[in-house]
Structure formats: structure tokens, C-alpha cells
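Here is the structure we will look at.
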Amino acid sequence: MKKFLNLKEAAVIAIILIICFLALFIVNSGKNGKYAVISSDGNEILRLELDKDRQNITVANAENIVFEVKDGAIFVTETDCHDKICLKTGAVSKNGQSIVCLPKKITVKIIGEDSEADVTIG
Amino acid sequence: MFFKNISFCSAIAAILFFCSCTSDHAAEHSTAELFVMDTVCSVNADKDDIKTISSVLSRIDTALDCFSKSGEIHALNEKRSMNCSEDLCDFIKKTTSLSAEYGNEVIVSGGAVTMLWKEAQKSEILPEKNDILHSLGNIGDNFISFESGNVISLKNECMLDSGAFAKGYALDLCRDVLDSSRNSDHAVISMTSSVLLYGKKPDNSKFNVEIRNPDGNGIIGTVKTDACFLSTSGGYERFFTVDGENYPHIIDLSTGYPTQSDLTSVTVFCDSGILSDYLSTKILIEGTENIENHLESDLYKVAAFDENGNSYISKGLDFHKK
């Protein structure tokens, strides 16, 4: 009876499978984990991984808002806005949650793979 | 056999590769952030619809703006009588009609009182009791007079404040855009506290809505729903602080002071944006005392929460507490 695969065939198939999984890894590597996307007037200007703690983060056009990433969440630590809504929002960490500074047209949105929500309200 | 196996593996590789790419290729939808109506509006819809919606929202923003010098309501409050746009006339007629039908706990003509508190928010000085009493005598839709053409006059010291209706009204116009163009099979337009869920999702599943916890601590629960309008009223982060005390931004026009409601968050689901916006504020102000009547309504559904952690959910609403 003929063998299903000889050594040469098995090696080629193994190589193809390795290439296949490498491709999957490369394509999906940017989607894994959770990020805070900071936008200015609707344009993304900074993307931060939430699993790396960072302090004193500022962005162009809104230097007086200071962000911090800690324990998988992002929050505002300082702002010179009068109403301080971005500061009062507190830490956000869940997919779809956001921080908004209207006067400076800055938004922070959490994106990641752990939520099936179409929208968050409130 | 060898080439058959090669073909088989290549097919698997191709399938896996394309599966990994699918999530970012949903039809011709796009998402845009628009800064309008004192909020950030996130629009997920067909690209052409986004352009039209952006233009409509910008127009409505100007018509209903109470604070900027370019705002039409601001101008009407200043001039007391003027020829108004079709948008503003339509808006005022709809708000007064709603308040006449469902109750005057929320009215567009409450600006004399609400503006006092907005000023207090800026100056961090509470309004005088006498000023509040005086202003309470100048609120009521009977102070709005429709003259010939599109001329609207405000009697006495009445002022308009569009806050409790504006986002819902704007979302009604967004639905009109989507209905006319037929470009978007589905769309989600979020103005943070008011949302339009439009059409049917590609997989025919229901829309999944997360309701934020008003204390800022994550999500209070989720609701699965068909297309509808929904609005949330609550304290959230829009309170203001004077002398160390926090005051909600929602004003109870029966007292002239920030609401003392025992409800902390109210979300209303229905088929009208302006109605959901109006009702969420009205139900919040009324508190738990009248909540049972609202839970029985056939016209709208409610998900409300009080300061003791109790939930009040309309029958038939697919709500899941977190």
C-alpha cells in the first residue's frame, strides 16, 4: 500500500502551513490587544497600547491635556478646560468607551477585540 | 497525490488568510467624527450619507445653538422677535407639541431658569433665590408667539433652551437623510447621549447597546434591540461643582433648582429621536415615583436605574445587567 505522504511531501506541506500561520499572525498582530486611539478633530494622531503603563502623555494641538495609561485604562490627569468634563469622565478601559474634550476637539476611544457592542450610550 | 495535497494546503492557506482580513472590509461603510451640537457625533454609515448628514447637522447646529453669537436661538433670545429659519420653526413647533401632549416638566421655553444655572457653572457662584423665583415666572410655551410668516416672538423675559430636545431632533433629520438616499442598509449615529440605530445589520442580528454606568465605572448593562432611537439622561460627568458640592446639569423647572431625582440614569427606546430625548429627561426628573407608569407604555421602552442600584426595565426590553 502506498504511503499517504512521503517525507518530501510532508516537509512541503509543513512549510506551507508555517507560512500560512505566519501570515495569519502578521495580519492579525495589529488587531490584538486593546488600544486607546486619540484623535484631533476626527483625525487619529496617537494610538496607545493599554497594556503598557505610561505617564505625562500629551498630543499636538492639545498640549494642556495630560493623559496617563495605567492598569489597562487611560484617563486625563490635567486639563486647562473650564468644565473639565474630560477629567471628570475618569478612567476608560472598555471597548467603545470614550473621553471627549469638546473645546479642543480631542477624543479618546477604546478599541479592541473584547466587545460586541455597536454603540455605548450615556 | 503530491500536487493534490499542495493544492489542498494552498486552499486552506488562502481561506485562513482571507478570513483574517474580513473584519475591516464591511461594505462601503465608513466612520466619521463630527463636532456639532456641543458634543462629538460619531457617524457610521455609507460615505455619501456621512457627507449629507454632516451638512444637515452643521445647519441644525446653527439653528438650535443657544450660546454662540452665530446661533439662531441665541439671536432670538437677544432680539426677542425675528424671522426664523424653517428648521427653527419646525423644531419649536415639535417641542411645544410634545410638552403639550406628555407634560411640561421639560419645555423649550425654560431658558430663563436654565441659563441662570449655566451661568453659575461658569462663574462658580450659585444663582440668587430671588432671581430663580423671578425666572420661574418667565418660563412656559405660552410665552412663545408665532406671528405671520416665520416670525417668532418671545414674550416677557422668556428665553429658549434647546438642550433637552436638540440631539433627538437632529437624529430625526439624520434618519430622513438615510431614508431618502437608501445608500445605507444600516447605520449607527451616536451623539453620546442620543443615538440612532438604523436599518438591519448585515448578519441580521440585533443592535447591541451598552449603557454606561453614571458613576463612570464601566457599563451598567446591555440591551439588544432592533433599529430605533435611544436617549440617556443622567448625572454622568456633566455635573458642576460649587463650594465643594456637586450639582447635576439637569434643572427641574418645577423648583428652579438642579434635579434631586433618585434616578441616576434613564434610557428611553422609541421610534422618534425628539421623543426619546424629551422622555429621558422627563422620566429622570420625575424619579421612581412615576416610573411604573412609564414601564407600561406601549409607545416606548425604558431602562432606568436608581441611586440604590435598583433597575427599572420595561417588559419586553432585552436588557442584561453587567
Self-check item: Yes/no for A:ILE110 being within 22 Å of B:THR267 (Cβ to Cβ), more than 7 Å from chain B (Cβ to nearest Cβ) and touching a Leu at 6+ places or on another chain (Cβ under 8 Å)
Solution: yes
Exercise. Looking only at the range B:214-234, count how many residues are at pLDDT below 95 and closer than 22 Å to B:ASP252 by Cα.
Key: 3
Quiz item: Can you find a residue in the range A:77-91 that is farther than 18 Å from B:SER193 by Cα, hydrophobic (A, V, I, L, M, F, W, C) and touching a residue at least 40 places away in the same chain (Cβ under 8 Å)?
Solution: no
Exercise. Look through B:PHE2, B:PHE67 and report the one residue that is within 14 Å of another protein chain (Cβ to nearest Cβ), at pLDDT 90 or above and either surrounded by 12 or more Cβ atoms within 10 Å (Cβ to Cβ) or on the phi > 0 side of the Ramachandran plot (or both).
Key: B:PHE67
Exercise. Return the only residue of B:GLU245, B:GLU210, B:GLU237 being buried (at least 22 other Cβ atoms within 10 Å of the Cβ), modelled with pLDDT under 95, over 14 Å from the mean Cα position of the chain (by Cα) and more than 18 Å from B:VAL43 (Cβ to Cβ).
Key: B:GLU210
Quiz item: When A:ASP80 is evaluated against the numbered criteria (1) on the phi > 0 side of the Ramachandran plot; (2) over 19 Å from the mean Cα position of the chain (by Cα), which criterion, by number, is the only one it fails?
Solution: (1)
Exercise. Give the residues of the range B:190-205 that are within 9 Å of another protein chain (Cβ to nearest Cβ) and in contact with a Ser or Thr (Cβ under 9 Å, 6 or more places away or on another chain), sorted by residue number.
Key: B:SER190, B:THR192, B:SER193, B:SER194, B:VAL195, B:LEU197
Practice problem: Tell me, yes or no, whether the range B:221-234 has at least one residue that is at the interface with another protein chain (Cβ under 8 Å from one of its Cβ atoms), part of a loop (DSSP other than H, G, I, E, B) and closer than 24 Å to B:PHE319 by Cα. | Solution: no
Quiz item: Just for the range B:253-294: of the residues that are in a strand (DSSP E or B) and of a type in the set (A, V, I, L, M, F, W, C), which one is surrounded by the most Cβ atoms within 10 Å (Cβ to Cβ)?
Solution: B:VAL268
Practice problem: Tell me which of these B:ASN183 doesn't satisfy, since it passes every other one: (1) within 13 Å of chain A (Cβ to nearest Cβ); (2) in contact with a strand residue (DSSP E or B) (Cβ under 8 Å, 6 or more places away or on another chain); (3) assigned to a loop (DSSP other than H, G, I, E, B). | Solution: (1)
Quiz item: Restricting to strands (runs of 3 or more DSSP E) lying wholly in the range A:1-80: which have 2 or more residues that are modelled with pLDDT of 80 or more, more than 10 Å from every other protein chain (Cβ to nearest Cβ) and surrounded by fewer than 12 Cβ atoms within 10 Å (Cβ to Cβ)?
Solution: A:54-59, A:62-70
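The values are calculated or read from the model by the stated rules, or taken from the named source; none is laboratory data. Just so we're clear, the structure is a prediction, and the values are computed from it rather than from any experiment. Cβ atoms come from the backbone with ideal geometry, glycine included; neighbour counts cover every protein chain shown.
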